[in-house]
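Undergrad: Below is one structure. I have some questions about it.
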């Protein structure tokens, strides 16, 4: 996931390198009334309200950064963008919860999905550039697919056998020709879109001109929006790079020199490039280097 591409297409990003929307407008999605991390730090405890939101800016990039995030970072994401809206296995990907209903979402699930979405983009980026995708990235795709399969199946489903089958499939597909891998990846992500019940919908009101939007029923959650952004970005993943300071994907404005680190706007704001430069300087000059000599 730390490998870099050597080409960038400026049209993919805005002035700050943020990934632009590349799909039809999305419907608003359901937002929780409150969210907090459980006492053991393993769950998000969510209370649902009757509020909808539409906030796409930075959505996928911030989600990808949750792959190894602290509980507080996942909580902050949910407060800003929304929860997955998970129902019991066997139900659709997100559901309608009456105001005041409390649900929980495992933080491990959030991190797994963030890692899997990042791995999916890595596979797509490799295929765009004619490079063989890494088996580790295909296994990340499988992890998401297995999670969705597990939630769609009825009681009594043999989970371990299904996981073994998917893992075997990943080791097989990575040996296929690029065209076959593209077809397999497209079909897999299309299945994720279907799971979130995302479909074209006509939006029209006094406040909204008649237009086709992508969305779901009243219970549609941020999971559907994330999956649609992922699918849209796969269409141009060859020009996306991974930040050297965090797991985020971004679209650089200029072509990167070979071997040079590239940083997203958030890391530049937080001073990560200077931090890394200082660390490299100390590594070159030894531990006894005086602070005043640092760059």
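Just so it is clear, none of the values below were taken in a lab; they were calculated from the coordinates. The structure presented is a predicted model; accordingly, all values stated were derived computationally and were not measured. Here the Cβ is made from the backbone with ideal geometry for all residues, glycine too, and neighbour counts use every protein chain on show.
Undergrad: Between the stretch 99-154 and the stretch 184-237, what is the separation of their alpha carbon centroids in Å?
TA: 17 Å
Undergrad: Mind ordering 190-203, 105-118 by average Cβ neighbours within 10 Å, highest first?
TA: Listed from highest to lowest mean packing, they are 105-118, 190-203.
Undergrad: Treat each spin label as a single point 7 Å out from the Cα along the C-beta direction, and report the residue 38 to residue 68 distance in nm.
TA: So the two model labels end up 2.5 nm from each other.
Undergrad: If you don't mind, there's one more thing I want to ask. Work out, step by step, the length gained on full extension between residue 206 and residue 79: first 0.36 nm times the residue separation, then minus their alpha carbon distance; give nm to one decimal.
TA: That works out to 42.9 nm of additional length.
Undergrad: For residue 51 and residue 108 in one chain, what is 0.36 nm times their gap in residues minus the Cα-Cα distance, to one decimal in nm?
TA: Stretched out fully, the residue 51 to residue 108 stretch lengthens by 17.9 nm.
Undergrad: What shape does the stretch 97-173 take by its C-alpha gyration tensor, where a ≥ b ≥ c are the square roots of the eigenvalues and a/c under 1.5 counts as rounded, a/b above b/c as prolate, and the rest as oblate?
TA: Cα axes put the stretch 97-173 in the oblate bin.
Undergrad: A further question follows. Take residue 131 and residue 276, extend 7 Å from each Cα along the Cα→Cβ direction, and tell me the distance between the two endpoints in nm.
TA: Those two pseudo-labels are separated by 1.5 nm.
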